[in-house]
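Novice: The structure is given below, and queries will be raised subsequently.
The values are calculated or read from the model by the stated rules, or taken from the named source; none is laboratory data. Computed from a predicted structure; not experimentally measured. Backbone-built Cβ (ideal geometry, glycine too); neighbour counts: all protein chains shown.
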Amino acid sequence: MQQLALDIGLAPVPTLENFIDAGNEAAAEHVRLWANNPLRSPVPTLLWGDSGSGKTHLLRAVAEAVRGQGGRVGWLDPQVINPSDFDERWDVVLLDDCHLFTASQQAAAFNWFINAQTPVQGAGRWVLAASALPPADLVLREDLRTRLGWGHVFALQTLDESERRAVLRREADARGVFLSDEVMDFMLKRFSRDLSSLMMILHELDAYALRTQRAITIPLLKTMLENE
């Protein structure tokens, strides 16, 4: 059964607050410290791991945090077909799924990286990148690959199914709602399995159940999806 990505109007904007860092506490703390520090270190950071480990969530959360502080963000992922030139006004450069970059995207990423690391008023700008592979295994142009591995590197862990179930169960219990095994099975089979997305679904499902004064069941979940 095909899993559904959480792009159906349910998800709130990814933030550093709603990232579930179970298993990835060190990486999440590193990113939060950077985003909330006005004297930010320019040392680049690479997050790598399997799909569903939370890489894109953290990058988008940093973008939201920086923009919320009035800053500007340079963003590049494989869907950006024609990357722009580097903008000196950017406060951070974010490179998502860089293992999938085309030759032209790699050239743009390298240019952005070099410009970001050039000091402006005494400091460079942060580069935060994400990939499915560690730096040594990236099939990219060598100058970009080595720079991606130059600074902090964090391997993000994807929780196994039993761990995801345990976290969902704890969250449901904390909310005072009953989440049956059948509903949990449905969620794990039908939606993206990264924990942050599942927690967002649970949040929306709890709110919908309260609005409709109904218990959380598979029919209720299906009704919510149809009405969103």
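Novice: Go through (1) surrounded by 14 or more Cβ atoms within 10 Å (Cβ to Cβ); (2) modelled with pLDDT of 90 or more and name the single condition Phe178 misses.
Specialist: All conditions are met except number (1).
Novice: Would you check which residues across region 81-127 are surrounded by fewer than 16 Cβ atoms within 10 Å (Cβ to Cβ) and assigned to a loop (DSSP other than H, G, I, E, B) and list them?
Specialist: Looking only at region 81-127, we keep the residues that are surrounded by fewer than 16 Cβ atoms within 10 Å (Cβ to Cβ), and these are 81-82, 84-85, 87-89, 100, 102-104, 107, 111, 114, 118-123.
If the condition is that a residue be surrounded by fewer than 16 Cβ atoms within 10 Å (Cβ to Cβ) and assigned to a loop (DSSP other than H, G, I, E, B), then Ile81, Asn82, Ser84, Asp85, Asp87, Glu88, Arg89, Thr102, Thr118, Pro119, Gln121, Gly122 are the ones that fit.
Novice: Follow-up question, since we're still on this one. Examine region 92-102 for a residue that is closer than 21 Å to Asp50 by Cα and more than 17 Å from the chain's Cα centre (by Cα), and state whether such a residue exists. Show your work before the answer.
Specialist: To start, the set of residues in region 92-102 that are closer than 21 Å to Asp50 by Cα comprises 94-102.
After this cut, where a residue has to be more than 17 Å from the chain's Cα centre (by Cα) as well, the list is 101-102.
Yes, region 92-102 contains at least one residue that is closer than 21 Å to Asp50 by Cα and more than 17 Å from the chain's Cα centre (by Cα).
Novice: Hey, another quick one. For region 91-105, indicate whether the set of residues that are touching a residue at least 24 places away in the same chain (Cβ under 8 Å), aromatic (Phe, Trp, Tyr) and within 27 Å of Leu39 (Cα to Cα) is non-empty.
Specialist: Among the residues of region 91-105, not one is touching a residue at least 24 places away in the same chain (Cβ under 8 Å), aromatic (Phe, Trp, Tyr) and within 27 Å of Leu39 (Cα to Cα), which makes the answer no.
Novice: Could you list, ordered by first residue, the pairs with Cβ atoms under 7 Å in which the first is in region 163-175 and more than 19 Å from Ser53 (Cα to Cα) and the second is among the charged types (D, E, K, R) and assigned to a helix (DSSP H, G or I), at least 6 apart or interchain?
Specialist: Arg175/Asp206
Novice: A further question on this structure: Just wondering, is there one or more residues in region 84-103 that are β-branched (Val, Ile, Thr) and in contact with a strand residue (DSSP E or B) (Cβ under 7 Å, 6 or more places away or on another chain)?
Specialist: yes
Novice: Return a yes/no flag: does region 146-165 have any residue that is surrounded by 13 or more Cβ atoms within 10 Å (Cβ to Cβ), of a type in the set (Lys, Arg), modelled with pLDDT under 95 and not in a loop (DSSP other than H, G, I, E, B). Write out each step before concluding.
Specialist: Filtering region 146-165 down to residues surrounded by 13 or more Cβ atoms within 10 Å (Cβ to Cβ) leaves 146-159, 163-165.
Narrowing further to those that are of a type in the set (Lys, Arg): 147, 164-165.
Going one step further and asking which of them are modelled with pLDDT under 95, we end up with 164-165.
Pick out the ones that are also not in a loop (DSSP other than H, G, I, E, B) and you get 164-165.
Among the residues of region 146-165, at least one is surrounded by 13 or more Cβ atoms within 10 Å (Cβ to Cβ), of a type in the set (Lys, Arg), modelled with pLDDT under 95 and not in a loop (DSSP other than H, G, I, E, B), which makes the answer yes.
Novice: Being of a type in the set (Gly, Ala, Ser) and within 20 Å of Asp50 (Cβ to Cβ) is the filter here, so list the residues in region 176-221 that pass it.
Specialist: Step one: of region 176-221, the residues of a type in the set (Gly, Ala, Ser) are 176, 180, 192, 196-197, 207, 209, 215.
Of everything in region 176-221, those that are of a type in the set (Gly, Ala, Ser) and within 20 Å of Asp50 (Cβ to Cβ) turn out to be Ser192, Ser196, Ser197.
Novice: Shifting gears a bit: Within region 34-73, restricting attention to residues that are of a type outside the set (Ser, Thr, Tyr) and touching a Gly at 6+ places or on another chain (Cβ under 7 Å), which residue is nearest to Val127 (Cα to Cα)? I'd like the intermediate steps shown before the answer.
Specialist: Pass one, region 34-73, residues of a type outside the set (Ser, Thr, Tyr): 34-40, 42-44, 46-50, 52, 54-55, 57-73.
Within this subset, residues satisfying the condition of being touching a Gly at 6+ places or on another chain (Cβ under 7 Å) are 42-44, 46, 55.
On the way: Pro42: 7, Val43: 7, Pro44: 5, Leu46: 8, Lys55: 14 Å.
The qualifying residue nearest to Val127 (Cα to Cα) is Pro44.
Novice: Within 19 Å of the chain's Cα centre (by Cα) and more than 24 Å from Val62 (Cβ to Cβ), is that true of Leu225? Spell out the reasoning first.
Specialist: Working: within 19 Å of the chain's Cα centre (by Cα): no; more than 24 Å from Val62 (Cβ to Cβ): yes.
No: the conditions fail for Leu225.
Novice: Moving on to the next point. Please pick out the residue among Leu220, Leu210 that is more than 22 Å from the chain's Cα centre (by Cα), surrounded by fewer than 14 Cβ atoms within 10 Å (Cβ to Cβ) and hydrophobic (A, V, I, L, M, F, W, C). Spell out the reasoning first.
Specialist: Details: Leu220 fails: surrounded by fewer than 14 Cβ atoms within 10 Å (Cβ to Cβ).
After applying the criteria, what remains is Leu210.
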